[in-house]
Amino acid sequence: MRETVEMIVKALVDDVEAVDVREVPRAGSTMIEIRVAPSDMGKVIGRQGRTIRALRSLAHGVSTKKNHRFVLEIVETGTG
């Protein structure tokens, strides 16, 4: 799942080198943290949150198929 999310996010942003996608295991689920450059944050969120909502829908579909919960979060990084 992490590789798929990373591939999609890298296709959306301008600064591909700043993309960092991590899987963090939690009790009964896996959190997928997405970090991008501050200038690319809006591209990942999309207009009215449509892009991140689509990514979360994808994660929900995979969760249903694999019977394991995946949660997508955009982690805000510092401006530096």
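The values are calculated or read from the model by the stated rules, or taken from the named source; none is laboratory data. Here the structure is a predicted model, which means the values were calculated and not measured. Note that we place each Cβ from the backbone using ideal geometry, even for glycine, and neighbour counts take in every protein chain shown. We work out accessible area using only protein heavy atoms, side chains counted, and drop any ligands, DNA or RNA first. Shrake-Rupley method; radii C 1.70, N 1.55, O 1.52, S 1.80 Å.
What FRET efficiency do you get for residue 57 and residue 15 if R0 is 25 Å and r is their Cβ-Cβ distance, rounded to the nearest 0.05?
Taking R0 as 25 Å, the efficiency between residue 57 and residue 15 is 0.50.
Return the carbon/sulfur percentage of the accessible area of the range 1-59, one whole number, probe 1.4 Å, all protein chains in place. Before the final figure, lay out the partial values.
Values: 1760 of 3470 Å².
The C+S portion of the solvent-accessible surface of the range 1-59 is 51 percent.
Looking only at the range 32-57, which residues have a backbone nitrogen under 12 Å from a spot 7 Å from the Cα of residue 71 in the C-beta direction?
32-33
Can you tell me, using C-alpha contacts under 8 Å and at least 6 residues apart, the relative contact order of the chain as a whole percent?
Reported as a whole number, the value is 31 percent.
Going from most exposed to least, what order do 10, 66 have by accessible area with a 1.4 Å probe?
Output order, biggest surface exposure first: 66, 10.
Given Cβ point charges of +1 (Lys, Arg) and -1 (Asp, Glu) and nothing else, what value in debye, to the nearest 20, does the dipole of the chain about its Cα centre take?
Roughly 560 debye for the chain.
Find out how many positive minus negative residues lie around residue 2, taking Lys and Arg as positive, Asp and Glu as negative, among other residues whose Cβ is under 11 Å from that of residue 2.
On the way: positive: 22; negative: 3, 6, 20, 23, 33.
Within the 11 Å Cβ shell, the charges total -4.
Taking the highest mean first, how do the peptides 53-65, 19-31 order by number of other beta carbon atoms within 10 angstrom per residue?
So the order, starting with the most tightly packed, is 53-65, 19-31.
Which one of 38, 1, 16 has its Cα pushed farthest toward the positive end of the charge dipole of the range 1-44, where Lys and Arg give +1 and Asp and Glu give -1 at the Cβ?
In the range 1-44, that residue is 1.
Over the chain, give the accessible area per residue in Å² for a 1.4 Å probe, as an integer.
It amounts to 65 Å² per residue over the chain.
Using the alpha carbon gyration tensor of the chain, what are the three equivalent-ellipsoid semi-axes (square root of 5 times each eigenvalue), largest first, in whole Å?
Whole-Å semi-axes of the equivalent ellipsoid: 22, 14, 11.
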